[in-house]
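Report on the following structure.
The values are calculated or read from the model by the stated rules, or taken from the named source; none is laboratory data. From a predicted model like this one, the values you see are computed outputs, not experimental measurements. FYI the Cβ positions are ideal-geometry reconstructions off the backbone, even for glycines, and counts take in every protein chain you see. These area figures cover heavy atoms from the full protein model, side chains too; ligands, DNA and RNA do not enter into them. Shrake-Rupley method; radii C 1.70, N 1.55, O 1.52, S 1.80 Å.
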Amino acid sequence: MAAVTELGYVGFNITDADAWRRFATDVVGLEVLDEGEADRFYLRMDYWHHRFVMHISDVDDIAYSGWRVADEGALDEIKAQLTAAGYSYRDGSREEAAERRVLGLIKLEDPSGNPVEIFFGPLIDSHLPFHPGRRMHGRWLTGDQGLGHVLIQADDHADTHRFYSTIGLKGHIQYHLNTPGGMVEPCFMYCNDRQHSLAFGVNGPKRMGHLMLEYADLNDLGKAHDLVRAQGIDVALQLGKHANDDALTFYFLTPSGWAMELGWGSAKAFRQQQYHLSDVFGHGVEVAGTLDVEL
Ligand code: MBD
Ligand code: FE
């Protein structure tokens, strides 16, 4: 069975390009790459041509998530797995592959209608080292762990788990959380050493719940926290440590209204499942409306 190897890129529809350029560089430390296209710009974290495509739009939400496979043979195997499981997909054209700076891709939707792309052969710009948008002590933790993780909206738990299992992600429910609205059981799935690349099971108002990016150096997380506080950006969840990935993180609102989770010190994927009733410490809800769970 073939499996995706990393969360390779994510596309977002955004309404306020200027706010996003400032936020991504001055606060987070990402690099803006402009290719002279009027309807989009790119954000970089490493040697990849880009990790994020920011599509200037009239909505603020995720546009697609891009999952990498090793090569064309692996993509063929994934296609066969999808067909056998009853899911449909569309082959991307040469133009669509060039648009994403990959050698080949397919496009489909998960059971909740979230657009998904599976690709091989990203463009690596080895001549263009990452240039942080603000001073950084270290770099981003990417490499064979992909860009980070996304938490997205999911209508039905079992359907969602079955779909992402079909493309090779593994994982299961990792928390049982009592909330006023009943028991919440978020699911976390991995496809490499990153503890999870995909999470679902806590729905918010948008398809996009949060995007987690991980600094290699704790000082960069501290600097991000200082910058978020100095600029008065809404903090959704205060600094805290997750029980599952052991990462020190906090969550704050992006110019699109969904949350960014910045972190440091994550543990690797367990390969065997376990679950938790609460986080290690912190993560108190400060501004409600994003992830209103008592972790
Ligand atoms: C995470 O990254 C997360 O977002 C939540 C809600 C719980 C554990 C790890
Ligand atoms: Fe998270």
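If you scan region 180-196, which residues turn out to be at pLDDT 95 or above and in a strand (DSSP E or B)? C187, F188, M189, Y190, R194, listed by residue number. Only residues that are within 21 Å of F250 (Cα to Cα) and either assigned to a helix (DSSP H, G or I) or not assigned by TED's automatic domain parsing to the domain that holds I118 (or both) were counted in region 8-20, giving 2. Note on region 12-29: among residues that are among the small types (G, A, S) and in contact (Cβ under 8 Å) with a residue 60 or more places away in the chain, the one that is farthest from D58 (Cα to Cα) is G29. For the criterion of being crowded, with 17+ Cβ neighbours inside 10 Å and touching a helix residue (DSSP H, G or I) at 6+ places or on another chain (Cβ under 8 Å), L7 fails. When the residues of region 234-273 are filtered to those that are acidic (D, E) and closer than 21 Å to V27 by Cβ, the one that is nearest to the chain's Cα centre (by Cα) is E261. Among residues of region 222-244 that are within 20 Å of A19 (Cβ to Cβ) and among the hydrophobic types (A, V, I, L, M, F, W, C), those with a beta-carbon under 6 Å from a residue that is open to solvent by 60 Å² or more (accessible area, probe 1.4 Å) and more than 15 Å from ligand 2 (Cβ to nearest atom) at least six positions away or on a different chain give the pairs V235/E286. Restricting N178, N192 to those that are surrounded by 15 or more Cβ atoms within 10 Å (Cβ to Cβ) and not acidic (D, E) reduces the list to N192.
Contact map, region 171-200: first residue in the same structural domain as Y275 (by TED's automatic domain parsing) and closer than 17 Å to D156 by Cβ, second residue part of a strand (DSSP E or B) and polar (S, T, N, Q), Cβ cut-off under 9 Å, separation 6 or more or different chains; pairs are V184/N178; L198/S65. In region 197-213, of all residues being part of a loop (DSSP other than H, G, I, E, B) and open to solvent by 10 Å² or more (accessible area, probe 1.4 Å), the one that is farthest from ligand 2 (Cβ to nearest atom) corresponds to P205.
Within region 154-175, the set of residues being open to solvent by 30 Å² or more (accessible area, probe 1.4 Å), within 16 Å of ligand 1 (Cβ to nearest atom) and either in contact with a Pro (Cβ under 9 Å, 6 or more places away or on another chain) or aromatic (F, W, Y) (or both) comprises I173 only.
If you filter region 148-196 down to residues that are more than 30 Å from D76 (Cβ to Cβ) and out of contact with any strand residue (DSSP E or B) (no Cβ under 9 Å at 6 or more places or on another chain), you find that the one that is nearest to ligand 2 (Cβ to nearest atom) is T179. All of A98, A70 fail the test of being at pLDDT 95 or above, in the same structural domain as N13 (by TED's automatic domain parsing), more than 18 Å from the chain's Cα centre (by Cα) and closer than 18 Å to C191 by Cβ, apart from A70.
Selection of region 120-166 for residues being out of contact with any helix residue (DSSP H, G or I) (no Cβ under 6 Å at 6 or more places or on another chain) and among the polar types (S, T, N, Q) yields S126, T142, Q145, Q153, T160, S165.
The set of residues in region 14-24 being surrounded by fewer than 19 Cβ atoms within 10 Å (Cβ to Cβ) and more than 20 Å from W140 (Cα to Cα) consists of T15, D16, A17, D18, A19. The residue that is nearest to S266 (Cα to Cα), counting only those in region 126-142 that are part of a loop (DSSP other than H, G, I, E, B) and under 20 Å from the mean Cα position of the chain (by Cα), is L141.
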